[in-house]
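Report on the following structure.
The values are calculated or read from the model by the stated rules, or taken from the named source; none is laboratory data. Small disclaimer: the values here were computed from a predicted structure and weren't measured. With ideal geometry, Cβ positions are generated from the backbone for all residues, glycine too; neighbour counts draw on all protein chains shown. The accessibility values were calculated without ligands, DNA or RNA, using every heavy atom of the protein model including side chains. Shrake-Rupley method; radii C 1.70, N 1.55, O 1.52, S 1.80 Å.
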Amino acid sequence: LLAPTTAWAQPAGVVPEGTVDGRARLVVDGTGPVAVTVDGQPQPVSSTPVISDRSAMALVVDASAAAGPGLQPGVSGLVDFALAAPPTTRTALVADPTPPVVVTPLQPGPAGVLSGLSGITARGDRQTAAALDLATAQLPREPDTPRLVVLYTTSDGTEESPDALAARLR
């Protein structure tokens with residue numbers, strides 16, 4: 001959802017994500033129409049669903065040795081996420097140990113991701129930036145395809161700051 005940058009006072013379920021061309025990019029967790037007002041005046045908005053039947057997404061799992069204790073709860077969360085996507089959503093799975101590896105290449109539906117998640121074991125060190133680059137490389141650059149990268153980790157840090165990682169994906 002793109003809105004004027006002065007629209008930062010938002011209701012619950014709306015997260016400011018940054019700015020694009022002088023407009024605020026907001027992530028809206030929910031369905032239905034969204035209205036943005038600035039100084040009491042309704043503003044035009046455009047929205048694009050992050051997950052749709054045209055979407056392509058890459059799931060990145062922190063499979064480092066340090067993530068071992070939290071790996072299984074995270075895997076179950078990613079299973080839920082993959083199952084909630086429309087069946088035509090194309091999904092790839094990337095594991096982040098040393099070196100990062102494509103577990104499941106981009107394919108429609110959750111079946112490949114679900115079987116790939118069951119085989120991930122914790123080992124090695126994290127290489128989050130390299131894993132995100134590998135995940136992004138799995139996604140097509142088609143003009144009408146929303147692309148999404150989901151990173152699951154139990155760690156509180158990476159070799160790059162969260163802002164640097166976000167900039168890399170933008």
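Could you please let me know if Asp125 is without any contact (Cβ under 8 Å) to a residue 12 or more places away in the chain and open to solvent by 40 Å² or more (accessible area, probe 1.4 Å)? No.
Could we say that Val101 is among the hydrophobic types (A, V, I, L, M, F, W, C) and touching a strand residue (DSSP E or B) at 6+ places or on another chain (Cβ under 8 Å) here?
So Val101 passes the test.
Pick from segment 129-170 the residues that are touching a strand residue (DSSP E or B) at 6+ places or on another chain (Cβ under 7 Å) and of a type in the set (Ser, Thr, Tyr): which of them is surrounded by the most Cβ atoms within 10 Å (Cβ to Cβ)? For segment 129-170, the residue satisfying everything is Tyr152. Just one of the listed residues (Val113, Val75) is in a helix (DSSP H, G or I), within 25 Å of Ser161 (Cα to Cα), among the hydrophobic types (A, V, I, L, M, F, W, C) and open to solvent by less than 60 Å² (accessible area, probe 1.4 Å), and it is Val75.
Tell me, please, whether a residue that is without any contact (Cβ under 8 Å) to a residue 12 or more places away in the chain and among the hydrophobic types (A, V, I, L, M, F, W, C) can be found in segment 102-111. Steps first, please.
Within segment 102-111, the subset without any contact (Cβ under 8 Å) to a residue 12 or more places away in the chain is 111.
Checking which are among the hydrophobic types (A, V, I, L, M, F, W, C) leaves us with 111.
Yes, because at least one residue in segment 102-111 is without any contact (Cβ under 8 Å) to a residue 12 or more places away in the chain and among the hydrophobic types (A, V, I, L, M, F, W, C).
Screening Ala85 against (1) without any contact (Cβ under 8 Å) to a residue 60 or more places away in the chain; (2) within 17 Å of Ala131 (Cα to Cα) leaves a single unmet condition, (2).
When Ala95 is tested against (1) open to solvent by 20 Å² or more (accessible area, probe 1.4 Å); (2) among the aliphatic types (A, V, I, L, M); (3) in contact with a Gly (Cβ under 9 Å, 6 or more places away or on another chain), only condition (1) is not met. Per the listing Ala9, Ala84, the residue uniquely open to solvent by 60 Å² or more (accessible area, probe 1.4 Å), over 22 Å from Pro143 (Cβ atoms) and at pLDDT 80 or above is Ala84.
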